[in-house]
Every structure is written in structure tokens, then in C-alpha cells.
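Read through the structure below, which is laid out as C-alpha cells, and then see the notes.
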Amino acid sequence: MPSNNSYSFEDLHEGMMVEHEYTIDTTVYETFLSIFPDKSPVHVDDGYAKANGFDGIVMHGAILNGFLSHFVGMCFPGRRSLELSVDMRYLKPCYMGDKVVLRGTISQKLESRRVVVLDLAYENRTRSYTAARGRVQVVIMAEEQGDC
Amino acid sequence: MNQDQVISRLQRVFDNIFLEPVQLTPQLSAQDVEEWDSLTQISLMVAVEKEFNVRFRVGEVEATKNVGEFADLIVRRVNGN
């Protein structure tokens, strides 16, 4: 997951958009399970998931939130960001091995508080559908020491 | 647009943000509502700027003492002042 951006508040403008691709591989899945052991059958039992209409075990929606944390903190707006709130709607499932492009678009700037609102779309490129939509409020903090 | 009309629209904004119902009056302030903290204040400002298509300057929302003064600020901003 390379990228180490650091946009300033002044760099950001409404309509600005950045994308980043993530893969839900076994490392992501197993690491998530080891830290947050939600082992409900739809997430770990392939037969159970298929019997309930899915193509296989369903990846946890919170994995997408994890990608968002990386996206906001390292890609866009980057290292000066702090998430204030997240609203996420999971629309369609993601499965093991799926590639997901997270697209963030600035829909609003709150100048008086140095806050930006990003509209989010998770495009599942493997399955050609939108897996989730969301919105995140982010405050942009002052420059780091050594920033130029 | 006057204060009453703004508060009526503000009520809908508050209804979408606060988990517990908040009945707006001109005298109501953040100190009266447990859920109305600094993070909720930012969500409110984001929603209000969008609802009324206005922009606030640094510190002017914080300078209002209650919903009535906040509504008056919105009235002024909507009217271009």
C-alpha cells in the first residue's frame, strides 16, 4: 500500500478526487480475524454462506473501514488527517481475493474548522459493482515539523 | 427568511444528527443538550452550511450563545451579510 501524501487544507478543494486500489487477500482477512475474532458463520463457513445466498464466505464490512483508515491517513487527505466521523453503507458483499477501488471525493469544505467531507465509493473491480458507499468527516491538522 | 423560519429548518437538521430528539427553541444552547459536544458541533456546521448554502467565518458560530443567535447569524448570511 504505497503512498505517503500530506495535503494541506489549502491544497484541498471541493470536487477533488483520489482513488486507491486494495485487495482483500488472505493476509488481510486472517489478520482481521486474529485481532477482531468475529467468526460468525457467514464470515468463516463457506457452506453456510452459500446456503444463505452468497458466493462464499463474506468479507467483514469493517475490513473496508480499515482500508478507509489507510486511505484517509496516508493517501487523501494524508498524514495531517484525523477522522471525526464515518457513515458507511454496505451495499453488496466482497469476497476473498476481490480488488476494491476506494474513491474519495471532497463534497464540502468547512473553512472555519479546517474540516473536509469526503464522499466515498468502494468499487469492487472483481465483480463490477459498488460494494459500499459512505461519508467521512476529516479535520486537517497543522503541518508536521519538517514539512515544507 | 426570518428567525422562526430558520429554526424550523434547523429542527430538521438537528433531527438528522442527534440520536436523541432535541426540541429547538431560541433559548436552547449546547449546555442544555448532553449530546451537543464539539464533534457534534462540527457535524452541525457541515450540515447547516449545506442546508442553507452559506459559509461561516472562523469563530462566529462559537460566538453565538444559543439557537436564536445562531439562527440570526444564518439569516444574516442568507441575506448576504
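The values are calculated or read from the model by the stated rules, or taken from the named source; none is laboratory data. Predicted model only: the values in this text are computed from it and were never measured. Neighbour counts are summed over all protein chains in view; Cβ atoms, including those assigned to glycine, are modelled from backbone coordinates with ideal geometry.
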**Item:** Members of segment B:58-81 found to be among the charged types (D, E, K, R) and more than 14 Å from chain A (Cβ to nearest Cβ), listed by number
**Value:** B:Lys65, B:Glu69, B:Asp72, B:Arg76
**Prompt:** Could you give every pair whose Cβ atoms fall below 7 Å, whose first residue belongs to segment A:101-123 and is within 12 Å of another protein chain (Cβ to nearest Cβ) and farther than 12 Å from A:Met16 by Cα, and whose second residue is crowded, with 20+ Cβ neighbours inside 10 Å and not hydrophobic (A, V, I, L, M, F, W, C), counting only separations of at least 6 or pairs across chains?
**Reply:** A:Leu110/B:Glu49; A:Val115/A:Gln137
**Request:** Can you give me the number of residues within segment B:15-74 that are under 21 Å from A:Ser85 (Cβ atoms) and touching a residue at least 60 places away in the same chain (Cβ under 8 Å)?
**Result:** 1
**Fill in**
Within segment B:4-21, residues part of a loop (DSSP other than H, G, I, E, B) and either loosely packed, with under 11 Cβ neighbours inside 10 Å or at pLDDT 95 or above (or both) come out as B:Leu19, B:Glu20, B:Pro21
**Message:** Going residue by residue through segment A:83-96, is there one that turns out to be within 14 Å of chain B (Cβ to nearest Cβ), touching a helix residue (DSSP H, G or I) at 6+ places or on another chain (Cβ under 7 Å), modelled with pLDDT under 95 and part of a loop (DSSP other than H, G, I, E, B)?
**Reply:** no
**Message:** For segment A:120-143, check the following and say yes or no: at least one residue is on the phi > 0 side of the Ramachandran plot and surrounded by fewer than 14 Cβ atoms within 10 Å (Cβ to Cβ).
**Reply:** yes
**Prompt:** Looking at segment B:35-57, which of the residues that are within 24 Å of B:Leu19 (Cα to Cα), within 7 Å of chain A (Cβ to nearest Cβ) and of a type in the set (A, V, I, L, M, F, W, C) is surrounded by the most Cβ atoms within 10 Å (Cβ to Cβ)?
**Reply:** B:Val46
**Fill in**
Exactly one of B:Arg55, B:Arg77 is assigned to a loop (DSSP other than H, G, I, E, B), basic (Lys, Arg), more than 10 Å from the chain's Cα centre (by Cα) and modelled with pLDDT under 95, and that residue is B:Arg55
**Message:** Just checking, does segment A:3-26 include any residue being modelled with pLDDT of 95 or more and either part of a helix (DSSP H, G or I) or among the basic types (Lys, Arg) (or both)?
**Reply:** yes
**Fill in**
Taking segment A:51-98 and keeping residues polar (S, T, N, Q) and either surrounded by 14 or more Cβ atoms within 10 Å (Cβ to Cβ) or closer than 30 Å to B:Leu44 by Cβ (or both) leaves A:Asn65, A:Ser69, A:Ser81, A:Ser85
**Request:** Have a look at A:Tyr48, A:Tyr22 and point out the one that is buried (at least 18 other Cβ atoms within 10 Å of the Cβ) and among the hydroxyl-bearing types (Ser, Thr, Tyr).
**Result:** A:Tyr22
